[in-house]
Structures are given as structure tokens and as C-alpha cells.
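The structure appears right after this line, and notes come after that.
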């Protein structure tokens, strides 16, 4: 039986978020420049997008460039920005062919205008697609996002359009960059590090976490399916007991 045959199609995570780690280490171990690792990582993005779409994942969010990444050597930052734009432009026809809609979250004000303009064209070109939503977290960090949400809420309170007594979890979530997406059901991190690295801290409160030592350039469709199978083996209680979950199922 193939891995894809082991997938329970009724329990596919609606939203998978991925921290794509290990491009630089992969390149170093293979005797390449770091840029070669990032280039090989693009190939992984394509194949994981394909398998996620094939099995019915609705949202796939990829941690592409964090706000902390702006602190990397300028040459690497420039190379990454150019690679992101070039890769997306090259893949846009395939995204449209596979009915994949592209979107983006992050602090766009810090991005070079030429990068933003070209990415927005690709987003517009796929806006009619109704299948998988591929979301790139670019110039993104969760702390930035949370601070921005607080500023927006504070401004609405100041203007009198929002009552402080009405602020709750849903109010806050509506002001996040991911307001139009469900919270991730599954968070995958490659390359062995066991941390979240300032990624979707609010949204992953009840996400299942999956860590693998495999570097992102080596991460295959089979590795992705293994993560899905592991996800499906877990009991998601959301604060309830197993008995409560059983009773809920019986009453449905």
C-alpha cells in the first residue's frame, strides 16, 4: 500500500503551515553556496504544493522570509528576494493550471517595491483560482503581526468604532494577517530544530506540531504524506477529554 492510500481523506488538515528550514545547511554539507540551497528549496515548494493540492489541503502557508531575515548579509537578502520573485513568476502558469491561488502575508512596507509589484501581479493572475490557497509568509513575524493587530484595535477604540468591552479572541483574530484563513491544523518544521521561530504564535495555539530532521531541499512528497499520517494518528481534544469527544461523535 502506498503512503497516499493510507491517508484518511475525511481527515485532511484544512490548513498546513510549514517552516522551511535547512536550505543553508543542505548547501554547506553538499559543498555549495547558500544560494544553491535556496534554489533547491524552490523545487521542494513546487512538489509540496502539488501533493498538498492533490490530497485536498485547502491552505498551505510557507514561512518564506521572516522579519529577522532582513538582518542577514545584504547579498543573501538580495539573492533571496530575487529568487522568490523569479520563482513565483516562473510557477504562476502551473499554479493557474492546478487551480492554486497565491496570496501573501507580512510587512510589505519593508519589501523592495519592485518585488512587491511583481508578486502582486502574480497574486492577481491567480485570483480566479478556487483550489488550494498557497500563502507566502514574506517579511513576516508573529510578534510584528500581533503588534499590528493591537495598533489597529487601539485605533478603532480611539475612533469610537470599537468598545473595549467587546474585544475578545474573535476580535483579535479578525485583525491578524491571517483573518481570512482558518488556524493551521498542522505545523511542520524541517531540518531538526525544535522551535517555532516567531511563526503564527497566536494561530497555532491548538495546532499539531511535526518536526523532522530532513532538510527542506530533501523534503519529498513522501515525507509530507508521513506528516499527514502522523497528524491523523493524533487525538485532537481542544481541552476536552477523550470521553467527551466520544460522546460528541455519538450525538452527531
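Taking the conditions (1) touching a residue at least 40 places away in the same chain (Cβ under 8 Å); (2) in contact with a helix residue (DSSP H, G or I) (Cβ under 8 Å, 6 or more places away or on another chain); (3) surrounded by fewer than 18 Cβ atoms within 10 Å (Cβ to Cβ) in turn, residue 235 satisfies each one other than (1).
Candidates 77, 84, 42: the one that is assigned to a helix (DSSP H, G or I) and touching a strand residue (DSSP E or B) at 6+ places or on another chain (Cβ under 7 Å) is 84. Within the set 53, 2, the sole residue that is touching a helix residue (DSSP H, G or I) at 6+ places or on another chain (Cβ under 9 Å) and over 14 Å from residue 186 (Cβ atoms) turns out to be 2.
Any residue at all in region 133-153 that's part of a loop (DSSP other than H, G, I, E, B), farther than 30 Å from residue 74 by Cα and under 17 Å from the mean Cα position of the chain (by Cα)? For region 133-153, residues part of a loop (DSSP other than H, G, I, E, B), farther than 30 Å from residue 74 by Cα and under 17 Å from the mean Cα position of the chain (by Cα): absent. Taking region 122-151 as the range and being without any contact (Cβ under 8 Å) to a residue 60 or more places away in the chain and surrounded by 14 or more Cβ atoms within 10 Å (Cβ to Cβ) as the test, the residues that pass are 122, 123, 125, 126, 129, 145, 146, 148, 149. For region 53-71, state whether one or more residues are surrounded by fewer than 18 Cβ atoms within 10 Å (Cβ to Cβ), over 23 Å from residue 142 (Cβ atoms) and modelled with pLDDT under 95. Within region 53-71 (the criterion being surrounded by fewer than 18 Cβ atoms within 10 Å (Cβ to Cβ), over 23 Å from residue 142 (Cβ atoms) and modelled with pLDDT under 95), the answer is no, since none of the residues qualifies. When region 10-23 is filtered for residues that are surrounded by fewer than 18 Cβ atoms within 10 Å (Cβ to Cβ), within 21 Å of the chain's Cα centre (by Cα) and either in a helix (DSSP H, G or I) or at positive phi (or both), only 11 remains.
If you scan region 165-197, which residues turn out to be surrounded by fewer than 18 Cβ atoms within 10 Å (Cβ to Cβ), under 14 Å from the mean Cα position of the chain (by Cα) and in contact (Cβ under 8 Å) with a residue 40 or more places away in the chain? Result: 182, 196, 197. Would you confirm whether any residue within region 84-97 is surrounded by fewer than 19 Cβ atoms within 10 Å (Cβ to Cβ) and more than 28 Å from residue 14 (Cα to Cα)? Within region 84-97 (the criterion being surrounded by fewer than 19 Cβ atoms within 10 Å (Cβ to Cβ) and more than 28 Å from residue 14 (Cα to Cα)), the answer is yes, since at least one residue qualifies. Take the conditions farther than 18 Å from residue 45 by Cα, at pLDDT 95 or above and loosely packed, with under 12 Cβ neighbours inside 10 Å and apply them to residue 154. Does it pass? Criteria not met by residue 154. Restricting region 24-35 to residues that are assigned to a helix (DSSP H, G or I) and modelled with pLDDT of 95 or more, which is surrounded by the fewest Cβ atoms within 10 Å (Cβ to Cβ)? Top of the filtered list is 29. Helices (runs of 4 or more DSSP H) fully within region 157-252 that include at least 3 residues being at pLDDT 95 or above: 169-174, 221-232. For residue 109, the criteria (1) under 20 Å from residue 176 (Cα atoms); (2) surrounded by 16 or more Cβ atoms within 10 Å (Cβ to Cβ) hold in every case but one, which is (2).
The values are calculated or read from the model by the stated rules, or taken from the named source; none is laboratory data. None of the values given here were measured: they were computed from a predicted structure. Cβ coordinates were reconstructed from backbone atoms using ideal geometry, including for glycine residues, and neighbour counts include every protein chain displayed.
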